[in-house]
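Peer 1: Pasting in a structure now, in structure tokens, and then I'll have a few things to ask.
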Amino acid sequence: MLEQNPGEMGRIKHQLIEGEISMKKVLSVVALASLFGATSVMASGFRIPEQSVDSTAKAGANIASAKRADVAYYNPAGMNLMEDTWHVEVDLTYLHLSEIDYEAAAPNPIQGNTSSESEHFFLPTLFVVSPDYNGFRFGFSTVAPFGLAKRWRDDLFASFAASKFSLQVIELNPTVSYAFNDMFSIGGGVRMTYSKATVINEAYGTGNPTDFPFTGAPSRYLDGDTVDWGYNLAANFKPNKDWNFAITYRSNVDLDFEDGDTEINFRPDITEGDVTVSTPAVLSFSAAYTYDKWTFDLTVDQTQWSEYENLDFLYNSADGSSGFPPFDFSEKDWDDVWAIRLGVEYELNPKVTLMGGIAYDENPVPEEHANYELPDSDAWLFSAGVRYAYSDNMELGLAVLYDYKEERTFNNAALDGEFSNASALLVSCALSYKF
């Protein structure tokens with residue numbers, strides 16, 4: 001428990017139990033201060049699978065069929081299938097998150113109808129694959145696998161759900177592969193992530209103490225960064241020129257934000273805070289088949305969100321305690337989820353390759369723990385793209401992906417209403433070069 005001022009904190013505790021507003025109403029406006037709750041319109045949870053033009057164009061079905069420099073990230077064991085030379089690709093993705101509409105089942109002063117702000121981001125990525133060295137190939141990628149933000153337009157929602165949630169994650173992933181023969185190869189690498197996060201919460205207040213059972217407006221500010229480590233593994237099997245099979249695994253990485261700058265207006269003695277968040281492991285199975293000028297990729301992946309059980313804040317208070325009302329409701333208990341992805345390529349002519357994809361992606365957020373900060377739902381993804389061979393050594397690429405979130409209705413301690421119109425639009429461009 002937090003070190004408490006017997007007068008002020010005791011009065012807060014009493015009002016939370018016996019105050020003018022029921023506990024259910026309190027919970028209905030108190031969203032957990034999640035570092036990652038903002039990414040509700042992307043793939044399952046706050047993961048971003050699409051890191052390259054080919055992945056965007058094929059709705060993430062780009063593992064067994066990856067054949068450009070982004071293979072270093074998606075299937076490092078497949079690097080041995082590439083032409084024996086240096087391969088480099090630079091990508092830039094524009095990401096637009098739409099407004100999300102919320103319609104309360106019975107609007108009231110505590111919970112009403114509102115919409116979130118739309119968001120705009122740019123995500124640069126880089127991929128490199130080396131030539132062959134006695135059966136070994138080396139690769140490198142830098143990507144942005146998690147992150148983004150969400151802000152609610154209404155003052156009440158903005159106060160509790162997202163005054164500001166900002167997360168930037170950059171992953172550096174050196175990889176190596178080894179080919180035992182022309183059919184079978186393995187690969188793997190080290191994941192180094194640098195993460196920076198800011199969380200700002202401010203309780204709703206109009207100057208009337210009866211509007212909320214706290215004197216003044218409780219607020220919290222946290223800002224921190226961290227470097228953390230994981231690994232990835234891959235195996236590739238190519239029995240003939242038409243078929244290719246791959247299995248990949250990206251490990252869980254715990255993001256340990258330690259000694260972050262912290263300000264809590266009810267606790268001026270607290271200046272630092274810690275929080276650890278588990279990002280999920282991802283297991284993928286992929287098969288690619290080439291027929292004439294067509295290549296099809298069927299990828300099934302499991303995002304292991306069950307590792308994300310809770311979100312607990314620790315402060316440098318005298319007793320090292322965690323929890324500060326009204327912001328610390330930490331239970332998550334997310335579920336493991338599956339996505340199925342189908343991608344296709346068609347070589348229109350020696351210079352132009354067309355691509356397309358469709359995917360269905362489950363969401364990990366259980367009904368009982370959903371809140372304003374992450375009202376996630378299942379998604380359908382539709383994509384298309386084109387590559388143009390400018391010369392024998394240079395290619396240009398362009399892709400677009402539309403991520404449509406299904407409407408979802410909640411009726412729990414925090415929510416009683418429907419979220420709708422959530423979507424994302426990705427536009428990616430790339431320059432690929434070999435030498």
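The values are calculated or read from the model by the stated rules, or taken from the named source; none is laboratory data. All values derive from a computational prediction rather than experimental measurement. Positions of Cβ are generated from backbone atoms using ideal geometry, with glycine treated the same way; all protein chains shown enter the neighbour counts.
Peer 1: Consider residue 355 against the criteria (1) buried (at least 18 other Cβ atoms within 10 Å of the Cβ); (2) closer than 21 Å to residue 47 by Cα: it satisfies all of them except one. Which criterion is unmet?
Peer 2: Residue 355 satisfies every listed condition except (2).
Peer 1: Quickly run through region 324-349 and pick out the residues that are modelled with pLDDT under 95 and out of contact with any strand residue (DSSP E or B) (no Cβ under 7 Å at 6 or more places or on another chain).
Peer 2: Answer for region 324-349, where residues must be modelled with pLDDT under 95 and out of contact with any strand residue (DSSP E or B) (no Cβ under 7 Å at 6 or more places or on another chain): 325, 326, 329, 333, 334, 335.
Peer 1: Regarding residue 432, is this residue buried (at least 23 other Cβ atoms within 10 Å of the Cβ), in contact (Cβ under 8 Å) with a residue 24 or more places away in the chain and under 21 Å from residue 55 (Cα atoms)?
Peer 2: Here the answer is yes, as residue 432 does meet what is asked.
Peer 1: Output the residue which, of all residues in region 117-135 that are surrounded by 16 or more Cβ atoms within 10 Å (Cβ to Cβ) and at pLDDT 95 or above, is farthest from residue 422 (Cα to Cα).
Peer 2: Among them, the one singled out is 132.
Peer 1: Within region 145-163, does at least one residue satisfy the condition of being out of contact with any Asp or Glu (no Cβ under 6 Å at 6 or more places or on another chain), at pLDDT 90 or above and under 30 Å from residue 296 (Cα atoms)?
Peer 2: For region 145-163, residues out of contact with any Asp or Glu (no Cβ under 6 Å at 6 or more places or on another chain), at pLDDT 90 or above and under 30 Å from residue 296 (Cα atoms): absent.
Peer 1: Looking at region 231-242, which of its residues are touching a strand residue (DSSP E or B) at 6+ places or on another chain (Cβ under 6 Å), of a type outside the set (Asp, Glu) and closer than 18 Å to residue 294 by Cα?
Peer 2: 238
Peer 1: Separate question: Identify, by number, the condition in (1) crowded, with 17+ Cβ neighbours inside 10 Å; (2) over 19 Å from residue 105 (Cβ atoms); (3) out of contact with any Ser or Thr (no Cβ under 6 Å at 6 or more places or on another chain); (4) of a type outside the set (Gly, Ala, Ser) that residue 405 doesn't meet.
Peer 2: Failed condition: (3).
Peer 1: Pick from region 186-238 the residues that are modelled with pLDDT under 80 and of a type in the set (Ser, Thr, Tyr): which of them is surrounded by the most Cβ atoms within 10 Å (Cβ to Cβ)?
Peer 2: Checking each candidate, the answer is 204.
Peer 1: State the number of residues belonging to region 252-308 that are touching a strand residue (DSSP E or B) at 6+ places or on another chain (Cβ under 7 Å) and not in a strand (DSSP E or B).
Peer 2: 9
Peer 1: Please tell me if residue 364 is closer than 24 Å to residue 279 by Cβ, crowded, with 21+ Cβ neighbours inside 10 Å, at pLDDT below 85 and in contact with a strand residue (DSSP E or B) (Cβ under 7 Å, 6 or more places away or on another chain).
Peer 2: no
Peer 1: Right, residue 174: part of a loop (DSSP other than H, G, I, E, B) and either modelled with pLDDT of 95 or more or out of contact with any strand residue (DSSP E or B) (no Cβ under 6 Å at 6 or more places or on another chain) (or both) or not?
Peer 2: Judged against the criteria, residue 174 is not a match.
Peer 1: Looking at this structure, is residue 391 within 30 Å of residue 92 (Cβ to Cβ) and crowded, with 16+ Cβ neighbours inside 10 Å?
Peer 2: Against the criterion (within 30 Å of residue 92 (Cβ to Cβ) and crowded, with 16+ Cβ neighbours inside 10 Å), residue 391 does not qualify.
Peer 1: How do the strands (runs of 3 or more DSSP E) wholly within region 348-435 filter down when requiring 2 or more residues that are among the acidic types (Asp, Glu): which remain?
Peer 2: By residue number, 394-405, 416-420.
Residues checked against (1) crowded, with 24+ Cβ neighbours inside 10 Å; (2) under 20 Å from the mean Cα position of the chain (by Cα); (3) closer than 21 Å to residue 396 by Cα; (4) modelled with pLDDT under 75:
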site	(1), (2), (3), (4)
10	no, no, no, yes
14	no, no, no, yes
52	yes, yes, yes, no
63	yes, yes, yes, no
78	yes, no, no, no
82	no, no, yes, no
94	no, yes, yes, no
